[in-house]
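Visitor: Before anything else, here's the structure in question.
The values are calculated or read from the model by the stated rules, or taken from the named source; none is laboratory data. Since the structure is predicted, the reported quantities are computational estimates derived from the model, not experimental observations. Cβ: placed from backbone, ideal geometry, glycine included. Neighbour counts: every protein chain shown. Accessible surface is based on the protein model in full, side chains and every heavy atom, while ligands, DNA and RNA are left aside. Shrake-Rupley method; radii C 1.70, N 1.55, O 1.52, S 1.80 Å.
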Amino acid sequence: MTEVYLLFYQAALQAFINFNKFLQRDDPLVPFVHERANKFVKTLMFKFMKITALKDKSSVLDVDFKNIALQAEDSQLFIGMTTQQKLAKLFEEGSITERNKKKFFCAVRKFYVKAVDYSLSHLPLNDDLLKEARWLSWTCRSEAQLSQVQFFTSRYSDLLPDIDEEAILDEFSEYLLLADNYIETLKESGEEIVPLDRLWANLAKIKLSSGQSKFAILSKVAKLILVLPHSNAAEERIFSMVRKNKTPFRPNLEAEGTLSSILMVKLAIDEPCYQFEPKESLLESAKKATRKATRKNNVEHNA
């Protein structure tokens, strides 16, 4: 049965992997977190619950997922096609008994219940900021409301002082009235989705006949939201990078010296190091800095 359990984990963990990949993305995702987090939990619930138990619920928080009467029958639990085939084969061969199958499906239920319970207690499924931030998304524009923008101007009044409410209303109305195909003009070759930071950077550049920005205030609110981190993935990458560079073989790298410089270079360059081709001017500057540092060290040593 060990193989059956492992095959089940392989099938069940895909939902976790997909959500984890979403959280690890570098582009601004705050407007999407609420929807994706709720979708993730709902996906888990679909794997072991009856559709009728989820159909009329406005929120995943309202679902009584621990109620065994609302859970699907053993044969309807999601365990993956490969797991089903392996389980059926072992049963037909007589390698496992009906009791073994019952025990397996009982473990599957406990896994899903524990996963949903943990997700509900740790994910920001009812966070007001995440819910109100959805107006930044182009796909949610038709459902956007002025109150969502006002939520942020009120919450961050110290960063957005002296906001003209009438001007916000005018800009928000113009944003809603933008042509649906405007987003298509911003897509780069082979791109399906335009990153939110590029979308709002372009909206901020649109000018009125007077030369003023058409979305001066709205773009400021948008940029404030877009700089909010949607996860701690970026910080974890830096910690990982530190461990990879400051090793037992190189323990004396100073945080404010060489180590800091290494990290800055690696964070600034997206491409692999073996593909990086520095400009001649950069190499010359590096040589000058090296010569200067060498002369300084020699003077201090001789003194």
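Visitor: If you check L160 against the conditions, is it open to solvent by less than 30 Å² (accessible area, probe 1.4 Å) and touching a Ser or Thr at 6+ places or on another chain (Cβ under 8 Å)? Break it down into steps so the answer makes sense when it comes.
Guide: Working: open to solvent by less than 30 Å² (accessible area, probe 1.4 Å): yes; touching a Ser or Thr at 6+ places or on another chain (Cβ under 8 Å): yes.
Yes; evaluated as a whole, the condition is true for this residue.
Visitor: Got a sec? Which of F65, F16 is surrounded by 15 or more Cβ atoms within 10 Å (Cβ to Cβ) and either assigned to a strand (DSSP E or B) or among the hydrophobic types (A, V, I, L, M, F, W, C) (or both)?
Guide: Details: F16 fails: surrounded by 15 or more Cβ atoms within 10 Å (Cβ to Cβ).
Exactly one of F65, F16 is surrounded by 15 or more Cβ atoms within 10 Å (Cβ to Cβ) and either assigned to a strand (DSSP E or B) or among the hydrophobic types (A, V, I, L, M, F, W, C) (or both), namely F65.
Visitor: Right, next: When region 44-62 is examined, which residues are found to be under 27 Å from L228 (Cβ atoms) and surrounded by fewer than 19 Cβ atoms within 10 Å (Cβ to Cβ)? Break it down into steps so the answer makes sense when it comes.
Guide: At the first step, the residues of region 44-62 found to be under 27 Å from L228 (Cβ atoms) are 44, 58-61.
Once the filter is applied, which keeps residues that are under 27 Å from L228 (Cβ atoms) and surrounded by fewer than 19 Cβ atoms within 10 Å (Cβ to Cβ), region 44-62 yields S58, S59, L61.
Visitor: Next up: Taking the options N245, N252, N232, name whichever one is open to solvent by less than 40 Å² (accessible area, probe 1.4 Å) and at pLDDT below 85. Break it down stepwise before answering.
Guide: Values: N252 fails: open to solvent by less than 40 Å² (accessible area, probe 1.4 Å); N232 fails: open to solvent by less than 40 Å² (accessible area, probe 1.4 Å).
Every option except N245 fails the conditions.
Visitor: Need pairs with beta-carbon distance below 7 Å; first residue touching a residue at least 24 places away in the same chain (Cβ under 8 Å) and within region 265-294, second part of a helix (DSSP H, G or I) and among the aliphatic types (A, V, I, L, M); sequence gap 6+ or separate chains.
Guide: Pairs found: K266/M241.
Visitor: Then there is this: Looking only at region 19-43, how many residues end up being open to solvent by less than 60 Å² (accessible area, probe 1.4 Å) and touching a residue at least 40 places away in the same chain (Cβ under 8 Å)?
Guide: To start, the set of residues in region 19-43 that are open to solvent by less than 60 Å² (accessible area, probe 1.4 Å) comprises 19, 22-23, 27-34, 37-38, 40-41, 43.
Still in the running and touching a residue at least 40 places away in the same chain (Cβ under 8 Å): 23, 27-34, 37-38, 40-41.
The number of residues fulfilling the criteria is 13.
Visitor: Looking at region 255-274, which of the residues that are over 27 Å from the mean Cα position of the chain (by Cα) and modelled with pLDDT of 80 or more is farthest from Q24 (Cα to Cα)? Can you show your working first?
Guide: Start the filter on region 255-274 by keeping residues that are over 27 Å from the mean Cα position of the chain (by Cα), which leaves 255-259, 261, 274.
If we keep only those that are modelled with pLDDT of 80 or more too, we end up with 258-259, 261.
Values: T258: 27, L259: 24, S261: 24 Å.
Looking at the filtered set, the residue picked out is T258.
Visitor: Now for a separate question. Which number in (1) in contact (Cβ under 8 Å) with a residue 40 or more places away in the chain; (2) part of a helix (DSSP H, G or I); (3) among the hydrophobic types (A, V, I, L, M, F, W, C) marks the one condition that A88 misses?
Guide: Condition (1) is where A88 drops out.
Visitor: Another question, then. For E192, all conditions in the list (1) modelled with pLDDT under 90; (2) farther than 29 Å from A15 by Cα hold save one; what is the number of the exception?
Guide: Condition (2) is where E192 drops out.
Visitor: Output the residues belonging to region 217-229 that are assigned to a helix (DSSP H, G or I) and open to solvent by 40 Å² or more (accessible area, probe 1.4 Å).
Guide: Once the filter is applied, which keeps residues that are assigned to a helix (DSSP H, G or I) and open to solvent by 40 Å² or more (accessible area, probe 1.4 Å), region 217-229 yields K220, K223.
Visitor: Another question, if that's okay. Show the residue pairs that are 6+ apart or on different chains and have beta-carbon atoms under 8 Å apart, the first residue being within region 195-208 and closer than 11 Å to A222 by Cα, the second being open to solvent by less than 50 Å² (accessible area, probe 1.4 Å) and acidic (D, E).
Guide: L196/D27; D197/D27
Visitor: Are there helices (runs of 4 or more DSSP H) fully within region 127-207 with at least 1 residues that are among the hydrophobic types (A, V, I, L, M, F, W, C) and farther than 19 Å from H230 by Cβ? List them.
Guide: In region 127-207, the matching helices (runs of 4 or more DSSP H) lie at 146-155, 165-176, 196-205.
Visitor: Determine whether A222 is in contact (Cβ under 8 Å) with a residue 40 or more places away in the chain and closer than 26 Å to K21 by Cβ. Give the steps one after another, and end with the answer.
Guide: Details: in contact (Cβ under 8 Å) with a residue 40 or more places away in the chain: yes; closer than 26 Å to K21 by Cβ: yes.
Yes; evaluated as a whole, the condition is true for this residue.
Visitor: So, one more: Among K207, K214, which is the only one that is in contact with a Lys or Arg (Cβ under 9 Å, 6 or more places away or on another chain) and open to solvent by 90 Å² or more (accessible area, probe 1.4 Å)?
Guide: Numbers: K214 fails: open to solvent by 90 Å² or more (accessible area, probe 1.4 Å).
Step by step, each of K207, K214 is checked, and only K207 is in contact with a Lys or Arg (Cβ under 9 Å, 6 or more places away or on another chain) and open to solvent by 90 Å² or more (accessible area, probe 1.4 Å).
Visitor: Give I238, I262 a once-over and let me know the one that is open to solvent by less than 70 Å² (accessible area, probe 1.4 Å) and either within 30 Å of P124 (Cα to Cα) or part of a loop (DSSP other than H, G, I, E, B) (or both).
Guide: Working: I262 fails: either within 30 Å of P124 (Cα to Cα) or part of a loop (DSSP other than H, G, I, E, B) (or both).
On inspection, the qualifying residue turns out to be I238.
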